[in-house]
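Colleague: Encoded as structure tokens, here's the structure I'll be asking about.
The values are calculated or read from the model by the stated rules, or taken from the named source; none is laboratory data. Please read these numbers as outputs of a predicted model, since none were measured by experiment. Methodologically, a virtual Cβ is constructed for each residue, glycine included, from the backbone with ideal geometry; neighbour enumeration extends over all protein chains shown. Side chains included, ligands, DNA and RNA excluded: accessible areas come from the protein's heavy atoms. Shrake-Rupley method; radii C 1.70, N 1.55, O 1.52, S 1.80 Å.
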Amino acid sequence: MPNVAHAAELIRAGKLVAFPTETVYGLGANALDPAAVERIFAAKGRPKTSPLIVHVDSIEMARGLAAAWPAAAETLARRYWPGPLTMVLPKRAEVPDIVTAGLPTVGLRMPAHPLALELIRAAGVPIAGPSANRFTELSPTAASHVPEALADYVLDGGPARVGIESTVISLAGQPMLLRPGVIPLPELEALIGPIRIAGAPGEGAHDSPGMHARHYRPRTPLVLLRDGEAPPAGKGVKAEMPADPREYAAALYEMLHRLDAEGLDWIAIDAPPDAPEWAGVLDRLRRAASSSVTPG
Ligand code: AMP
Ligand code: MG
């Protein structure tokens with residue numbers, strides 16, 4: 001039985017708890033305790049230049065951490081929270097610099113998993129949490145994927161329903177998409193107007209960790225097959241994936257974790273269409289795919 005009271009006690013004591021969310025499992029610490037947050041970076045081997053998402057249990061808690069709450073934030077929070085949307089907003093001084101990698105902004109999200117919300121409520125503090133994996137490795141979508149010794153306690157909440165990381169949008173200036181997820185961009189734009197895409201020509205460099213080229217990569221080379229391409233020679237498995245983008249996202253990391261443990265030469269997968277509802281999945285596939293194996 002997942003013991004939320006115990007997990008909340010650990011969070012208050014400055015320890016690390018791996019906790020379920022609807023996107024992926026997080027490695028959580030008290031976001032207001034710099035020493036506890038420091039332990040997240042050490043456990044993951046994550047560079048201190050990568051800001052962490054802070055998980056809240058309410059719009060009220062989010063507003064207590066953000067120095068500004070524009071109308072677009074209210075609109076998106078009301079529509080998508082709890083859910084797989086992270087909003088980057090100017091931070092208040094109470095948010096330690098280590099959480100935001102020294103940036104004047106903080107990424108905020110209210111997760112849609114009941115245990116995550118219970119944990120934040122019971123701990124009584126916002127919880128900083130990147131994915132519960134070592135830096136550059138695959139995100140966990142089940143408690144069994146969380147590497148042993150990463151956390152002081154793993155709260156098991158079953159398989160993650162969404163399966164890829166949250167959509168990240170900055171509202172600190174002109175709205176900008178920092179990381180695609182399962183929410184299609186046109187849906188967001190219908191609510192708050194035009195959104196620029198980070199990394200698009202003219203947007204300049206950014207240091208969002210989700211943009212790291214080697215993020216989300218299995219050890220086994222992943223080969224993306226385009227237009228009915230044949231898989232490579234050698235020992236491998238071509239994964240059959242759902243035709244629906246949300247179901248595909250929910251199955252992706254589970255499939256990669258499972259096949260990555262089989263000692264294959266490659267894992268192959270048909271590339272999905274280049275359409276807005278596939279943007280999150282395509283982004284993760286491009287980062288996970290290896291160029292070290294050529295189809296043959
Ligand atoms: P993860 O490693 O999955 O926790 O990814 C964290 C994501 O949150 C990154 O992709 C960033 O885009 C985003 N993020 C969190 N905080 C900030 C921030 N203050 N400024 C910009 N992006 C942020
Ligand atoms: Mg991650």
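Colleague: Can you work out which of the residues in the stretch 58-74 that are part of a helix (DSSP H, G or I) and more than 18 Å from ILE127 (Cα to Cα) is most open to solvent (accessible area, probe 1.4 Å)?
Modeller: Result: ALA71.
Colleague: Within the stretch 167-198, restricting attention to residues that are over 23 Å from VAL54 (Cα atoms) and small (Gly, Ala, Ser), which residue is most open to solvent (accessible area, probe 1.4 Å)?
Modeller: ALA190
Colleague: So which residues in the stretch 212-267 are of a type in the set (Ser, Thr, Tyr) and under 19 Å from GLU137 (Cβ atoms)?
Modeller: Result: TYR216, THR220, TYR253.
Colleague: Are any residues in the stretch 130-153 crowded, with 20+ Cβ neighbours inside 10 Å and among the small types (Gly, Ala, Ser), and if so, which ones?
Modeller: Correct list: SER131, ALA132, SER139, ALA151.
Colleague: In addition: Please tell me if THR141 is in a loop (DSSP other than H, G, I, E, B), touching a helix residue (DSSP H, G or I) at 6+ places or on another chain (Cβ under 8 Å) and among the hydroxyl-bearing types (Ser, Thr, Tyr).
Modeller: yes
Colleague: Could you please give the count of residues in the stretch 95-138 that are among the aliphatic types (A, V, I, L, M) and part of a loop (DSSP other than H, G, I, E, B)?
Modeller: 10
Colleague: Same structure again: May I ask you to verify whether GLY102 is on the phi > 0 side of the Ramachandran plot and more than 16 Å from ligand 2 (Cβ to nearest atom)? It would help to see each step written out before you state the result.
Modeller: Values: on the phi > 0 side of the Ramachandran plot: yes; more than 16 Å from ligand 2 (Cβ to nearest atom): yes.
Yes; evaluated as a whole, the condition is true for this residue.
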